[in-house]
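To keep things clear, I will list the structure first and then write my remarks on it.
The values are calculated or read from the model by the stated rules, or taken from the named source; none is laboratory data. Just so we're clear, the structure is a prediction, and the values are computed from it rather than from any experiment. Virtual Cβ from ideal backbone geometry, glycine too; neighbours counted across all protein chains shown.
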Amino acid sequence: MLYQLYESQRALMAPFAEFASASSKLYSHPLSPFTHVPMAQRLAASFDLMHRLAKEYEKPEFGIQSALVDGVEVAVQEQVALAKPFCRLLRFKRFTDHAPVLAKMKTQKTVLVVAPLSGHHSTLLRDTVKMLLRDHKVYITDWTDARMVPLEHGAFHLDDYVTYVQEFIRTIGHDVNVISVCQPTVPVLAAVSLMASRGEPTPPALVMMGGPIDARKSPTAVNNLAMNKSHDWFENNVIYRVPPNYPGAGRRVYPGFLQHTGFVAMNPDRHMNSHYDYFLDLVRGDEESADAHRQFYDEYNAVLDMPAEYYLDTIRTVFQEFALVNGSWTVDGEPVRPQDITTSAVLTVEGELDDISGAGQTRAAHSLCTGVPASRQQHYDAVGAGHYGIFSGRRWREQVYPVVQRFIERFNKPGERIASPRLRKTARAAARRADRGTRKTGRTTRR
């Protein structure tokens, strides 16, 4: 019922949002006579702020059309490499006629960015992708709003997320380096662990940033909510069915508007001050600061619905049972064993001021990946960075990215890959079979 009430409220607010937008232009457009009335600029700013508070925010576009490679601007085209019901695998294909740069791009390493399925769209990682395109071939997971997925496609569980990640790695190729940001650090580590346990090749470099590998360490407000409420409480209080006006009508979801309310409730004073500063920027005519506010909130206010099964699985597995660190997690009956990873280098990144994933939560991955030599493990603390600062903004560009770039470069050099014991055993067995076949063939020939 709550979802239906929200939709009714949204429909009622839509005309008001349009009225506020038109009124703002009436008092700010240079050709309008109303721009000359007393306090016109304040009226325009007030209506503009009302419009932004009342409007609906659609999913933004990545909008990445070019990138700098060795100081040369190259064209970028967004392509769909693989489409699944709940996710699209996007590739940002680069093009140039500059022969030396083209030759260099062909040798650059491939990166898969696994974006979080935790409320915001994958476009939140736009800045992450822009920087990576300077030195890498880049893919990213673009998760689908659950209200747009028809019921005929079935449910989507945390196990399905793990399976999707494995399929994406296999589609791109096992030489792809994987970067997981926030929530996906857990399922990505599980996906790579399962691949290692089966004897499959694993990514050369595995980078985990600001994720709840072990949510027991330095718990934040987000962790406390998930740990202090029962599984039944979440199912009974935050799960609703999609209304009839969407393709996914009837699907059980954790609605985006509830998540957005929770995001804002974490820091209400900060958001109120930000909106007031935006109003003052408009009054002063500081369009650059106003544009920065719009860009941030266009992204921040655009949220998606999560499949209920996936959300509840995550609450139970990650924040209540701590199944990954306790060694009790199974995916489709297979145990998740990070200790089986031996060939991937592991980098963890944490923000000093992260209020989503506390200190030590991501770093805990190193104590789980005991099969990876210490020489192939690294941790980096981003001083002064909050949760978003480790993958977006100045600190990402100046502090974190150089560390990530050097790490990937280091462990993708020829000779840096080491074979796992299982792979070496498999190779030796294949060599022995080939040798026996050769000797047998030789005896037949001699006869």
Check: Which condition breaks for MET195 when tested against (1) closer than 23 Å to ALA146 by Cα; (2) modelled with pLDDT of 95 or more; (3) assigned by TED's automatic domain parsing to the domain that holds VAL403; (4) not basic (Lys, Arg)?
Finding: (1)
Next item on the list: Pick out the one residue from GLU287, GLU309, GLU299 that is without any contact (Cβ under 8 Å) to a residue 24 or more places away in the chain and of a type in the set (Asp, Glu).
Entry: GLU287
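For the stretch 141-154, what are the residues that are in a helix (DSSP H, G or I) and surrounded by fewer than 23 Cβ atoms within 10 Å (Cβ to Cβ)?
As a first pass, look at the stretch 141-154 and keep what is in a helix (DSSP H, G or I): 146-148, 151-153.
Residues satisfying the conditions are ARG147, MET148, LEU151, GLU152, HIS153.
Please pick out the residue among LEU353, LEU368, LEU347 that is of a type outside the set (Gly, Ala, Ser), at pLDDT 95 or above and either surrounded by fewer than 22 Cβ atoms within 10 Å (Cβ to Cβ) or under 21 Å from LEU225 (Cα atoms) (or both).
LEU368
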Item checked: Set GLY173, GLY199: member being small (Gly, Ala, Ser) and closer than 16 Å to LEU89 by Cβ -> GLY173
Item checked: Count - residues of the stretch 89-108 that are buried (at least 18 other Cβ atoms within 10 Å of the Cβ) and either charged (D, E, K, R) or part of a strand (DSSP E or B) (or both) -> 5
Margin query: Can you tell me how many residues within the stretch 404-429 are at pLDDT 95 or above and either under 19 Å from the mean Cα position of the chain (by Cα) or not assigned by TED's automatic domain parsing to the domain that holds PRO116 (or both)?
Written below: 3
Check: Has the stretch 320-337 got at least one residue that is touching a Leu at 6+ places or on another chain (Cβ under 9 Å), surrounded by 22 or more Cβ atoms within 10 Å (Cβ to Cβ) and within 30 Å of ARG394 (Cβ to Cβ)?
Finding: no
Checklist line | Residue list for the stretch 384-395, restricted to those being farther than 14 Å from THR348 by Cα and either not assigned by TED's automatic domain parsing to the domain that holds SER344 or not charged (D, E, K, R) (or both) | finding: GLY384, ALA385, GLY386, TYR388, GLY389, SER392, GLY393
Note to self: Residue under question is PRO85, and the condition is that it be under 15 Å from LEU125 (Cβ atoms) and in contact with a helix residue (DSSP H, G or I) (Cβ under 8 Å, 6 or more places away or on another chain); does it hold?
What the structure shows: no
Note to self: It is to be established whether one or more residues within the stretch 60-79 are among the hydroxyl-bearing types (Ser, Thr, Tyr), part of a strand (DSSP E or B) and either in the same structural domain as ASP281 (by TED's automatic domain parsing) or without any contact (Cβ under 8 Å) to a residue 24 or more places away in the chain (or both).
What the structure shows: yes
Next item on the list: Could you grab me the full set of residues in the stretch 251-285 that are among the small types (Gly, Ala, Ser), in a helix (DSSP H, G or I) and modelled with pLDDT of 90 or more?
Entry: GLY256, SER274
Check: Within the stretch 52-80, can you find the residues that are surrounded by fewer than 16 Cβ atoms within 10 Å (Cβ to Cβ) and hydrophobic (A, V, I, L, M, F, W, C)?
Finding: LEU53, LEU68, VAL72, ALA75, VAL80
Next item on the list: Working only within the stretch 286-302, note down all residues that are over 26 Å from the mean Cα position of the chain (by Cα) and either part of a helix (DSSP H, G or I) or outside the structural domain of GLN41 (by TED's automatic domain parsing) (or both).
Entry: GLU287, GLU288, SER289, ALA290
Notebook entry, point to check: Is there a residue in the stretch 322-329 that is within 30 Å of GLU152 (Cα to Cα) and at pLDDT 95 or above?
Noted result: yes
Next item on the list: State yes or no: is GLY248 closer than 17 Å to GLY119 by Cβ, crowded, with 20+ Cβ neighbours inside 10 Å, modelled with pLDDT of 90 or more and touching an Asp or Glu at 6+ places or on another chain (Cβ under 6 Å)?
Entry: no
Next item on the list: Go through the stretch 80-102 residue by residue and tally those that are within 30 Å of VAL162 (Cα to Cα), without any contact (Cβ under 8 Å) to a residue 60 or more places away in the chain and aliphatic (A, V, I, L, M).
Entry: 3
Next item on the list: Look through GLY442, GLY386, GLY437 and report the one residue that is touching a strand residue (DSSP E or B) at 6+ places or on another chain (Cβ under 9 Å), more than 26 Å from MET105 (Cα to Cα) and either modelled with pLDDT of 50 or more or assigned to a helix (DSSP H, G or I) (or both).
Entry: GLY386
Notebook entry, point to check: What is the residue count in the stretch 222-265 for residues that are of a type in the set (Val, Ile, Thr), free of Cβ contacts under 8 Å to residues at least 24 places away in the same chain and over 19 Å from GLN4 (Cβ atoms)?
Noted result: 1
Next item on the list: For the stretch 155-188, enumerate the residues that are part of a helix (DSSP H, G or I) and touching a strand residue (DSSP E or B) at 6+ places or on another chain (Cβ under 7 Å).
Entry: ASP159, VAL162, TYR164, VAL165, PHE168, ILE169, THR171, ILE172, THR185, VAL188
